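First the structure, in the form of structure tokens, and then the observations on it.
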Amino acid sequence: MSKFVSIISLLALLLGAFGCSDDTATAENSNNANNRGPNNVRMVPDMSTQPCGGCFLDGECQSGQDDEACGAQGSQCTSCATGLACNDDGECVEPPACNPDNCDGCCTTDGQCLGGADANACGTGGNLCTMCAGSACIDGRCVAGCGPDNCAGCCNTNGECVMGDADEACGTAGSACLNCGIQGSVCGGGACIAQGCSQSCAGCCNGNTCVEMPDETACGSGGGACVACVQGQSCMNGVCEAVTGSAWDLYVLSADISFWDWDVFSNPDPLVYVYAEDTTLGVYWEYITPTRSETFSPVWDMLLAPGLTNEALAAGMILELYDEDFTGYEFICGFEIIPDAAAFSGNVVESVCGFDPVIKLRWRLEPSAP
């Protein structure tokens, strides 16, 4: 009997060695497994198929470049403290000073980025903000009000300079636009004239009156509006033209400059250079305006070159825009101009840069005092 019990005991030991267990143990293991289910363990992101270069937030990979979820290389995301910003490396750091790379408006001197649409802080492209003195800020540029110094046509009710050759907006020399249609007339030469006169007059029209024989006091042709020639002009074939030997004063008025990165973190400092030469007299004129600091819309409105002879102007004058830098002068645009007959009328002339139509220079000629 003892030998039989020993054999039974040996079989039990062998079965235990091969991992056999009873039903009670199996039930206990099953219950323990249920207690270790998804609701009771920390979720570990699976990075085997899609590595996270940013950071994890609630088990999901984020870019890691957001102020509220900042981090890198699969770390746990953090929220940047007040005054700090998350950079491209997933680090909370002090934000960089305002510059063209991070500001669409304009930058203040203390490094703040503003919208750039306010007259007290006008600008764009991350350039230094400009205060518009007596002008408005339009599209990040200080724009002076429409008037004789910046408009060859007429100024409409919105303060905009228009061509001045339309019946509903007629005028010249920066005057207020007239609506000729209300008067039953048409626009001709920047003035309202009677429709009947404009259609039948070979000379020029003073309102309803046709001037058949134009002269210096009433010059024009083809039914256009009569104009008075200024000193130094004569009426030739209905056009006021400068006479030989006349002398003219060149006034430089204003300019528009394109938003090029002229200076680092600042606006350009423009000036105008002028050159003209009368080879018959063996004389030349060479002048430079004062520099206007930190502006894309400089205004000079000054007599720059007095006493230019008609012969010098007929040969052409050179006007050039420069940006004054610490190391010298940077060329902006040049204008080689032979004034036409209309330029001797005393009205403002707007010259447009050949390679950048945004760049414009305004000037006018007036007869020199005898």
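The values are calculated or read from the model by the stated rules, or taken from the named source; none is laboratory data. Remember, it's a predicted structure, so these values are computed and weren't measured experimentally. For neighbour counting, all protein chains shown are included, and Cβ atoms are generated from backbone atoms with ideal geometry for every residue, glycine included.
Those residues that are charged (D, E, K, R) and loosely packed, with under 15 Cβ neighbours inside 10 Å, I need them from region 100-132; list them, please. Let's see the steps before the verdict.
Step one: of region 100-132, the residues charged (D, E, K, R) are 101, 104, 110, 118.
Passing the criteria: ASP101, ASP104, ASP110.
Would you confirm whether any residue within region 216-238 is among the aliphatic types (A, V, I, L, M), farther than 23 Å from GLU366 by Cα and outside the structural domain of ALA314 (by TED's automatic domain parsing)?
Restricting attention to region 216-238, the residues satisfying the condition of being among the aliphatic types (A, V, I, L, M) are 218, 225, 227-228, 230, 236.
Still in the list and also farther than 23 Å from GLU366 by Cα: none.
No - not one qualifying residue is present in region 216-238.
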Legend entry - Filter result (farther than 19 Å from THR172 by Cα and either among the β-branched types (Val, Ile, Thr) or buried (at least 20 other Cβ atoms within 10 Å of the Cβ) (or both)) within region 210-232: VAL211, PRO214, GLY232
Legend entry - strands (runs of 3 or more DSSP E) within region 238-323 that include 2 or more residues in contact (Cβ under 8 Å) with a residue 40 or more places away in the chain: 239-242, 247-256, 270-278, 299-309
Legend entry - Selection status of LEU313, at pLDDT 90 or above, in contact with a Pro (Cβ under 8 Å, 6 or more places away or on another chain) and under 22 Å from PRO370 (Cβ atoms): yes
Inset, instruction - Residue by residue through region 325-345, note down the ones that are surrounded by 17 or more Cβ atoms within 10 Å (Cβ to Cβ) and touching a residue at least 24 places away in the same chain (Cβ under 8 Å). - result: ILE332, CYS333, PHE335, PRO339, PHE344, SER345
